[in-house]
Amino acid sequence: MTDPSPAVATAVERELRLLDPVVRASADVLVTLLHPDFREIGTSGRLWERDSIIAMLTDPAAPPPGPLTASRMRGDQLAPDLVHLTFDTESKGLRSHRSSLWRLTASGWLLWFHQATPFVDDPFAEV
């Protein structure tokens with residue numbers, strides 16, 4: 001396997017930041033990582049936009065998130081300004097396949113789209 005391109009490496013670093021509970025709890029940091037047109041399809045199937053996901057993640061009345069562990073992260077640079085990441089996460093027993101699209105903007109790489117699909121067992125998973 002070859003080393004990732006600088007664009008993929010940056011997207012991976014920023015994706016991993018988004019998994020950090022401290023980052024997820026800070027609206028000021030989240031706005032520096034999420035594209036203004038950000039959309040997410042969450043594990044529940046709910047469609048989130050930038051403002052709604054930031055409000056949910058930073059709500060002081062919300063239960064604190066559990067630790068989120070990422071594995072099998074892979075990235076491909078689809079165009080000079082577009083990176084696609086795929087990976088799995090596990091938190092509180094819930095496992096999800098995830099897919100993210102990162103766009104290069106004047107302010108750097110921003111998460112433009114994210115989707116999480118829960119799974120119980122994946123017979124096709126890479127070992």
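The values are calculated or read from the model by the stated rules, or taken from the named source; none is laboratory data. If you're wondering where the values come from, they're calculated on a predicted model, not measured in any experiment. Cβ coordinates were reconstructed from backbone atoms using ideal geometry, including for glycine residues, and neighbour counts include every protein chain displayed. The area values use the complete protein model at the heavy-atom level, side chains included, leaving out ligands, DNA and RNA. Shrake-Rupley method; radii C 1.70, N 1.55, O 1.52, S 1.80 Å.
Residue by residue through the stretch 76-97, note down the ones that are more than 18 Å from Asp121 (Cβ to Cβ) and open to solvent by less than 30 Å² (accessible area, probe 1.4 Å).
Correct list: Val83, Leu85.
Can you tell which of Pro67, Pro123 is closer than 22 Å to Ala27 by Cβ, surrounded by fewer than 17 Cβ atoms within 10 Å (Cβ to Cβ) and modelled with pLDDT under 90?
Only one candidate passes the filter, namely Pro67.
Yes/no per residue for (1) under 22 Å from Trp109 (Cα atoms); (2) modelled with pLDDT of 95 or more:
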site	(1), (2)
Thr2	yes, no
Thr10	yes, yes
Val22	yes, no
Phe38	yes, yes
Ile41	yes, yes
Ser44	no, no
Asp51	yes, yes
Leu78	yes, yes
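Are any residues in the stretch 64-104 at positive phi, in contact (Cβ under 8 Å) with a residue 12 or more places away in the chain and not in a strand (DSSP E or B), and if so, which ones?
The answer is Lys92, and nothing else.
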